[in-house]
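Asks: What follows is a single structure, and I will ask about it in a moment.
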Amino acid sequence: MIESLLLTTARVSTFFGTQALTGASGFFFQRDGRLYLVTNRHVLIDKPSGHRPDRIEVEVHTDAANLTHAAVISVLLYRDGQAIWRQGRDSAGAIDVATIELDPAALPVAVALQAFTPAHLQPRLAEVKVGTTLLVVGFPLGFHDTLHHLPVVRQAVIASSFGLRFQGQGYFLTDARTHHGTSGAPVVMHDDAGDLQLPWKLLGVHSAGMEMGQGVTPEQSLGLNCAWYADILLTLTAEEAQDAGPPGGLDP
């Protein structure tokens, strides 16, 4: 049987019309019977670089017994000129996490996926210690099992005090080798006492590498990454927009 963790994460491709733009990662989050795709905000829009896709494609499995069977769903990012995603912000500024509610009618009838829920969030942040082993599940440089349509994982550790906002921002640091295409990947910790079907705690959403400045050579790379605290998802999937404390609130 395939590990359930690998079915939480999907390959995301961005487009402007028919023009392919970038590849990224995303994962599924379910709350109150609603299914969401979670990824980075910069996957959906990045004004400094001029990245403005108008739709995404998400690859999903259609047969849990035969993972070579998959389908691609297309999701328009704007409706009546308004963005369909929710994104967060707090007193320090924008949070690089976005959620898109998926229309059940747009999914294949036999869709096979696993979704994190609020029960997979870590309730007591102080229990997670620096140096804790994590996994980052995604599609680095688009690389994946192309036959079975599955992501790969990279091992990481928590590299800053978990529960503190690193330099006042709503993220913590991980130490892992990551690449473009991993943006939007879930950052998880194994949970022996939790959900038997999906025994992982969702701690964060991988965003980007943390570097000292421009012109850094590979030998000078820190190898550190920003992971936004996953509890922002409680705000972004709430039925109504609410103000929230750290790490985020809703950016309308």
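Asks: For Arg177 and Arg79, calculate 0.36 nm times their separation in residues minus their Cα-Cα distance, and state this gained length in nm to one decimal. Don't skip to the end; give the middle numbers.
Replies: Values: separation 98, 0.36 × 98 = 35.28 nm, distance 3.70 nm.
Value of the extension gain: 31.6 nm.
Asks: Then there is this: How would you classify region 61-202 from its alpha-carbon gyration tensor, with a ≥ b ≥ c the square roots of the eigenvalues: rounded for a/c under 1.5, else prolate if a/b is greater than b/c, otherwise oblate?
Replies: Working: a/c = 1.74, a/b = 1.28, b/c = 1.36.
Oblate, because a/c is 1.5 or more while a/b does not exceed b/c.
Asks: Only Lys, Arg, Asp and Glu count, each charged at its Cβ (+1, +1, -1, -1), so figure out the dipole size of region 4-242 about its Cα centre, rounded to 20 debye. Before the final figure, lay out the partial values.
Replies: On the way: 16 positive and 22 negative charges, 70 e Å.
For this selection, approximately 340 debye.
Asks: Okay, next question. Just report the Cα centroid separation between region 1-50 and region 219-238, whole Å.
Replies: 15
Asks: Per DSSP H run of at least 4 residues, take -39500 (n - 2.57); add these up for the chain, divide by its residues and hand me the 222 nm value, nearest 500 deg cm²/dmol.
Replies: Values: 2 runs with 9 residues, N = 252.
That calculation yields -500 deg cm²/dmol at 222 nm.
Asks: Take each of the peptides 72-80, 18-26, average the number of other beta-carbon atoms within 10 Å over its residues, and list them starting from the highest.
Replies: Values: 72-80: 12.4, 18-26: 18.3.
Taking the mean over residues of other Cβ atoms within 10 Å, the ranking is 18-26, 72-80.
Asks: Still on this structure: Work out how much length Arg124 to Gln19 would gain on full extension: take 0.36 nm times their residue separation and subtract the Cα-Cα distance, in nm to one decimal.
Replies: 33.4 nm
Asks: May I ask you to sort Arg55, Arg11 by Cβ crowding, counting other Cβ atoms within 10 Å and putting the fewest first?
Replies: Working: Arg55 16, Arg11 23.
In order of increasing Cβ crowding within 10 Å: Arg55, Arg11.
Asks: Here's something else I'd like to know. Which ³J(HN,Hα) values in Hz, rounded to whole numbers, follow from the phi angles of region 90-107 under the Karplus curve 6.51 cos²θ - 1.76 cosθ + 1.60, where θ = phi - 60° and Gly and Pro get x?
Replies: Residue by residue, region 90-107 yields 9, 5, 8, x, 6, 10, 7, 9, 9, 10, 10, 6, 8, 6, x, 5, 8, 8 Hz.
Asks: Under 11 Å from the Cβ of Pro199, count the other residues' Cβ atoms, weight Lys and Arg +1, Asp and Glu -1, and hand me the total.
Replies: Working: positive: Lys201; negative: Glu3, Asp191, Asp192, Asp195.
With Lys, Arg at +1 and Asp, Glu at -1, the neighbours total -3.
Taken together, the values in this text are just the output of simple stated rules run on the coordinates, not laboratory data. Computed from a predicted model, the values in this text were never measured in an experiment. Glycine also receives a Cβ, built like all others from the backbone with ideal geometry; neighbour counts cover every protein chain displayed.
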